[in-house]
Each structure stands twice: as C-alpha cells, then as structure tokens.
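The values are calculated or read from the model by the stated rules, or taken from the named source; none is laboratory data. This is a predicted model, so every value here is computed, not measured. Methodologically, a virtual Cβ is constructed for each residue, glycine included, from the backbone with ideal geometry; neighbour enumeration extends over all protein chains shown. Remember, those area values only see protein heavy atoms, side chains included, never the ligands or the DNA or RNA. Shrake-Rupley method; radii C 1.70, N 1.55, O 1.52, S 1.80 Å.
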Amino acid sequence: MTFQGFPHLVDRPWPDVGHPVVLVPVGSTEQHGPHLPLDTDAIIASAVADALADRYRTDGTDAVVAPAVAVGASGEHRGFPGTLSIGTETLTMLLVELGRSAGEWAERLVLVNGHGGNVEALSTAVLTLIGEGRSTVWVPCDPASVAGIGVPVDAHAGRSETSIMQALCASRVRADRFEAGETRPIGLILPELRASGVRGVAPNGVLGDPHGASAAEGEALLQAMIAEAWARLRFGRVDARGCVVLEVGRGVAVSSDPTAGTIS
Ligand SMILES: [Zn+2]
C-alpha cells in the first residue's frame, strides 16, 4: 500500500490520490452567540475529521480529509445577521453528488457532522448513496454524545462548544462577551424552538451559558468525541438513518440518538 503522505485531499496531485477513505467535515455558517465565530461547527468537525484520518492512517488504512462543507441547513438560526443556510433539500443534493463523485475513486466516504440541523439531509443522502452501492456513513461530533465523561454539556454556543473552541482556536473566542442565553434543557424548549427558531427562544443566540468554559474542558470533550467517533467507525453498525452507531457495551460511549441534547 502506498501512502502519499498528505492527509488533506487537496494537497495530493491526482496520481497520488489513490483509493483512500475520504472524510468530509460537514459544518454550518450560523450565529454562535455574541462570542463565537460563525464557522464554529466547521472548525470542530474539521478537527475531528483530521484526528480520525490520523487514526485510520495509524491503523494502516489510507485516509484523507476533503474540504469542509461550510454552509449547511441552519434555518433554525434565521433572523441573526451572518447566518447562511442552503436548506435541507439542497444540502441533501449536494451531499449525494459529492458522494457520487468521490465514489468513483474513494474506498469509503465518511461524513463528519458538526451541526444538528444537517442531520435530516445527511440521513437522506447517506441512505441514497448506500442504496446505490457506495460505502458511505455519517458520524456526529456532538458533545452530547460524550456527556458521560463528566464535563458539562449544553446545547449551542454554551459552555461545551465554547470550551472546544478555546481548545482549538482561543484567539477567535471573545471571552469578554460571554453571556448566558436560554438555559433550560433542550428537550423542554424543543416545541418553542420549532415554532419560533433560536431567535424566539434566545435573543442572544446562546442555548446554555459559556461562563466556566475552559480549554481544558474543551480538550477533554474533543478527545472523547474523537474516541467515540473512532469507536463507531471501527465497531459500529449503520442505523436506519445512515449514522454509524455503537451496540451497547462496545467502545467508549453509546448514544442511540446522536442529535439528542444539543443542536450544535
Ligand atoms: Zn455549533
């Protein structure tokens, strides 16, 4: 097996691409409160995808990270300046076509999702690609899926997401602007969220409270998310939504619903 050395797809001239596993970070461009950048979800998904590519390569399988899908389905964040959304239908088509083209040369396509609003599109696209005989799965990188490690987790632009961004790119986090938003559990506010979007529930765009965030907590969450996603890819099975999930008792954590608890 020839590894061409470059972990990012775009760095390989075509004769060096080979037949790698292709990891695609799927993010969003949406408000993340007064203190985080709009590309937070893509930053986090890209960091997890980079780490997963490392693990594949260490394990003897060539893997590359493709350019991130930087705009997703973020309709729930409408009303905040800066939010861009292409909607579920268009995102689905984008992912299907991306998968078809990668499927001509890739061994497997792994979509690494950083935004809960993308789940419907991911599910439809992955099931379509699987139906066409293409090896495709998606995995979440969601702090809620590793809530068992004892680090506080909240829904959107709160302590957990802020901590991860402090671990990854602290200079882009505005600590002087931390303010709490809507702190009730996501399960309680879901009907309101569906009816009026994040703007109607939390005018500052925060579902949670960034106070107390730290790079140390973020690093712990990040490493747990990476370990959990890797365990899913190694040991998991594909569920009815095209998401690779762990059977109870395997790996480091189990989440039957990768979107439960947060919307990222
Ligand atoms: Zn987010």
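So the values come out like this:
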read-out	value
Failed criterion for VAL112 (all others in (1) under 15 Å from GLY218 (Cβ atoms); (2) within 16 Å of the ligand (Cβ to nearest atom) hold)	(1)
In region 3-46, residue most open to solvent (accessible area, probe 1.4 Å) [restricted to those that are without any contact (Cβ under 8 Å) to a residue 24 or more places away in the chain and assigned to a loop (DSSP other than H, G, I, E, B)]	PRO13
Number of the condition not met by THR136 [criteria: (1) more than 14 Å from the ligand (Cβ to nearest atom); (2) under 14 Å from the mean Cα position of the chain (by Cα); (3) surrounded by 24 or more Cβ atoms within 10 Å (Cβ to Cβ); (4) among the polar types (S, T, N, Q)]	(2)
Conditions (1) under 18 Å from the mean Cα position of the chain (by Cα); (2) on the phi < 0 side of the Ramachandran plot: number failed by ALA175	(1)
Enumeration of residues in region 142-180 that are open to solvent by less than 30 Å² (accessible area, probe 1.4 Å), within 14 Å of the ligand (Cβ to nearest atom) and in a loop (DSSP other than H, G, I, E, B)	ASP142, ALA155, ALA157, GLY158, VAL173
Any hit, region 53-68, residues being closer than 17 Å to VAL10 by Cα and within 14 Å of the ligand (Cβ to nearest atom)	yes
Matching option when the condition is open to solvent by less than 10 Å² (accessible area, probe 1.4 Å), under 21 Å from the mean Cα position of the chain (by Cα) and either under 25 Å from PRO34 (Cα atoms) or free of Cβ contacts under 8 Å to residues at least 12 places away in the same chain (or both), among LEU190, LEU122, LEU111, LEU207	LEU207
Only listed residue being farther than 27 Å from ALA155 by Cα, of a type outside the set (S, T, N, Q) and in contact with a Ser or Thr (Cβ under 8 Å, 6 or more places away or on another chain), chosen from GLY18, GLY27, GLY75	GLY18
Qualifying residue in region 80-90 (condition: within 16 Å of the ligand (Cβ to nearest atom), at pLDDT 95 or above, loosely packed, with under 15 Cβ neighbours inside 10 Å and under 30 Å from ALA175 (Cα atoms))	yes
